[in-house]
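Have a look at the structure below before the remarks.
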Amino acid sequence: MAKDKIAYVCSNCGQESAKWIGKCPSCGQWNTFKEIRIANDSGTMAAKSAAQHVRTARNDANKPMRLRDISSKDDPRIDVHDGELNRVLGGGLVPGSIVLLGGEPGIGKSTLTLQTILNMPEKRILYVSGEESAHQLKMRAERIKPTSSQNDIPTERHPDIPTSRQNDNPTQQPNDNPTQQPNDNLLILTETSLEAIFTHIKEIQPEIVVIDSIQTIATEDVDSSPGSISQVRECAAALLRFAKSSGVPVILIGHINKEGTLAGPKILEHIVDTVIQFEGDQHYMYRILRAMKNRFGSTSELGIYEMRQNGLRQVSNPSELLLTQDHEGLSGIAISSAIEGVRPFLVETQALVSSAAYGTPQRSATGFDQRRLNMLLAVLEKRVGFKLMQKDVFLNIAGGLRVTDLAMDLSVIAAVLSSNVDTPIENGWCMAGEVGLSGEVRPVSRIEQRIAEAEKLGFQHIIIPKYNLQGLNTKKFQIELHPVRKVEEALRALFG
Ligand code: TYD
Ligand code: MG
């Protein structure tokens, strides 16, 4: 047998090198190179045989073809019965694709996945958990659907997380009876050995496989601990080969950690087809699902959920939740018509300006880029003539949302000023506009969508950049438009 190869891989970005180096040439991080052993025969035997067993199709797809001979028909998508997730995936799950769902621990990755597959009784799904016991999963499933007795998850075996290498059958065999209960098709397996997982896959022949999480499973081919770079890479590669050769979609769950000591999903990003990230503050109830990479759809899509007692709820109209219902007469609040992904929504910007108690004033922003806030404050100071040098400025985007849309600038400036002069902005006003360094209001993208959303939510006035008027059919809007060219004009419209 040929000897195994040794290579070095950056644990931050996945860059490979033949020898150890201190600083990664690709991402610039220090001391991230870790030794990995590459098994000579790439791919575990179990993966190959499982894939062959499930289907031997697609062999003829490997011949070179003329581009014009390839049918342009879209791959059929698997509907996951979740509007937000479907959209982020680009219209559903693609057969044979491998999706990585990443996020910090405790954000709700397992909840989202379990909830989704509970809603897909028509598919035979194998949910492999290396983190929780079947009993814990059952409790979670009951919490998600507290009243339904149909979402039973079998719990007879695996009372605890097995250490590894359990060659038992999964807790229940599939039932081919057409009158079966909705979730008879959902099989739970608590297993951490990749080889054992493939044995079960071979037996069950699932239509979808979920691995929760990739950091907990390990293959015998690599002799390092689960979660190390070489394990994560080898396991993901084996699962990728399985997905591609069998046409079964695989969903991988992966933890992100800040230190990068554990092999983060960064390394996996090159391997998988789609990377979706679940983000949000643990202390807020909103969760945002973002596509970071998608071979089958756009990466500008966004899904919004709310974490409830009984699972995640889709938020199909974010604006209504992101606005404080009653802020009449409060200063320091401005509403912006923002776009994240492809959806417009109205976001509340809150600011508090107070005299600095110490020499250096504090500037703090939550949900907004701090440097951008500093720049906007400098514009206010220099171009509009407001003295904020000796003031503390706190900025907050309501709802725990993180907004990167540049059209928020105008509302940030308006909120800061409103708090500074302690004058509330009248109800029914909102705005959208990017602010340049000389205090000019720059045009923003998709102005029509922004105006329409504001109008839909009952706003009567919207401040927009004057440049956006070009080619805009102003007749079709009921809402009053206030086109402005400079920040001063916007502030005059708001505060008189
Ligand atoms: P979980 O899905 O376990 O996170 P992850 O798999 O990303 O580590 O989510 C855990 C958090 O979600 C936990 O702090 C409790 C909360 N939660 C709810 O608020 N409501 C629910 O119905 C469930 C199942 C969890
Ligand atoms: Mg989990």
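The values are calculated or read from the model by the stated rules, or taken from the named source; none is laboratory data. On a predicted model such as this, the values are computed, not experimentally measured, just so you know. All Cβ positions, even for glycine, are placed from backbone atoms using ideal geometry, and neighbour counts span all protein chains on display. Keep in mind that these areas ignore ligands, DNA and RNA; they rest on the heavy atoms of the full protein, side chains included. Shrake-Rupley method; radii C 1.70, N 1.55, O 1.52, S 1.80 Å.
What the table shows:
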read-out	value
All positions within the range 3-27 that are under 14 Å from Val232 (Cβ atoms), touching a strand residue (DSSP E or B) at 6+ places or on another chain (Cβ under 9 Å) and assigned to a loop (DSSP other than H, G, I, E, B)	Ser11
The listed residue being in contact with a Lys or Arg (Cβ under 9 Å, 6 or more places away or on another chain) and either more than 21 Å from Tyr286 (Cβ to Cβ) or not charged (D, E, K, R) (or both), out of Val421, Val412	Val412
In the range 230-242, the residues that are within 24 Å of the chain's Cα centre (by Cα) and surrounded by fewer than 24 Cβ atoms within 10 Å (Cβ to Cβ)	Arg233, Ala237, Leu240
Residue list for the range 105-134, filter: farther than 16 Å from Tyr305 by Cα and within 14 Å of ligand 1 (Cβ to nearest atom)	Pro105, Ile117, Leu118, Tyr127, Val128, Ser129, Gly130, Glu131, Glu132, Ser133
Candidate set from the range 192-219 (those that are hydroxyl-bearing (Ser, Thr, Tyr) and in contact with a Pro (Cβ under 7 Å, 6 or more places away or on another chain)); member that is farthest from ligand 2 (Cβ to nearest atom)	Thr192
Long-range neighbours under 7 Å by Cβ, at least six apart or interchain, first residue open to solvent by 10 Å² or more (accessible area, probe 1.4 Å) within the range 196-222, second of a type in the set (Val, Ile, Thr) and modelled with pLDDT under 90	Gln205/Val54; Gln215/Val232; Asp221/Thr44
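Per-residue answers, yes or no, for (1) in contact (Cβ under 8 Å) with a residue 24 or more places away in the chain; (2) more than 11 Å from ligand 2 (Cβ to nearest atom); (3) crowded, with 21+ Cβ neighbours inside 10 Å:
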{"site": "Val88", "(1), (2), (3)": "yes, yes, yes"}
{"site": "Leu101", "(1), (2), (3)": "yes, no, yes"}
{"site": "Pro105", "(1), (2), (3)": "yes, no, no"}
{"site": "Gln136", "(1), (2), (3)": "no, no, no"}
